[in-house]
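Since the structure comes first, as structure tokens, the remarks are kept for the end.
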Amino acid sequence: MVGTMPVPKYTDVEKTQFATDRETGAKLYTITLFFMEEDRAEALKITVPQTGLPDGLKPGLPVVPVELFATPWARIFNGSLSDGIAYRADRLDLVGAPAPAADAA
């Protein structure tokens with residue numbers, strides 16, 4: 001389920017340079033999604049290219065991330081180790097909406 005509207009992802013602290021997909025050049029956005037299962041729920045920030053954001057997206061709508069993958073990361077900053085997992089999806093599909101047409105080969 002959508003938790004927040006997508007916000008642009010930037011490569012710099014001043015927020016002057018959009019982050020872009022290395023292969024397509026599409027601008028990248030982050031969005032918070034809620035994943036719920038039985039008696040637990042998690043909020044995850046996921047990066048999605050602008051081309052993968054469906055029209056009509058708003059908080060509370062159920063979505064399915066397509067080609068979701070996780071990348072572990074770690075860095076040392078000021079002598080402290082930070083680590084986590086970065087989540088990325090090719091696109092979000094609205095639940096109940098027709099799937100996008102596959103590109104003709």
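Output the number of the condition that T32 fails; it satisfies all remaining conditions of (1) under 16 Å from D90 (Cβ atoms); (2) touching a strand residue (DSSP E or B) at 6+ places or on another chain (Cβ under 6 Å).
(1)
When the stretch 5-48 is examined, which residues are found to be free of Cβ contacts under 8 Å to residues at least 12 places away in the same chain, surrounded by 10 or more Cβ atoms within 10 Å (Cβ to Cβ) and among the β-branched types (V, I, T)?
If the condition is that a residue be free of Cβ contacts under 8 Å to residues at least 12 places away in the same chain, surrounded by 10 or more Cβ atoms within 10 Å (Cβ to Cβ) and among the β-branched types (V, I, T), then T11, T20 are the ones that fit.
Whether any residue in the stretch 6-21 is under 19 Å from V95 (Cα atoms) and in contact with a strand residue (DSSP E or B) (Cβ under 7 Å, 6 or more places away or on another chain) is what I want to check.
Taking every residue of the stretch 6-21 in turn, at least one turns out to be under 19 Å from V95 (Cα atoms) and in contact with a strand residue (DSSP E or B) (Cβ under 7 Å, 6 or more places away or on another chain).
Within the bounds of the stretch 49-62, is there any residue that is touching a residue at least 40 places away in the same chain (Cβ under 8 Å) and among the β-branched types (V, I, T)?
yes
Quick one: in the stretch 49-60, of everything that is within 11 Å of L92 (Cα to Cα) and out of contact with any Pro (no Cβ under 6 Å at 6 or more places or on another chain), which residue is surrounded by the fewest Cβ atoms within 10 Å (Cβ to Cβ)?
D55
Yes/no per residue for (1) among the small types (G, A, S); (2) modelled with pLDDT of 95 or more:
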{"site": "R40", "(1), (2)": "no, no"}
{"site": "P72", "(1), (2)": "no, yes"}
{"site": "F77", "(1), (2)": "no, no"}
{"site": "S82", "(1), (2)": "yes, no"}
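The values are calculated or read from the model by the stated rules, or taken from the named source; none is laboratory data. Since the model is a prediction, treat every value here as computed from it, not as a measurement. Note that each Cβ is placed from the backbone with ideal geometry, even for glycine, and that neighbours are counted across all protein chains shown.
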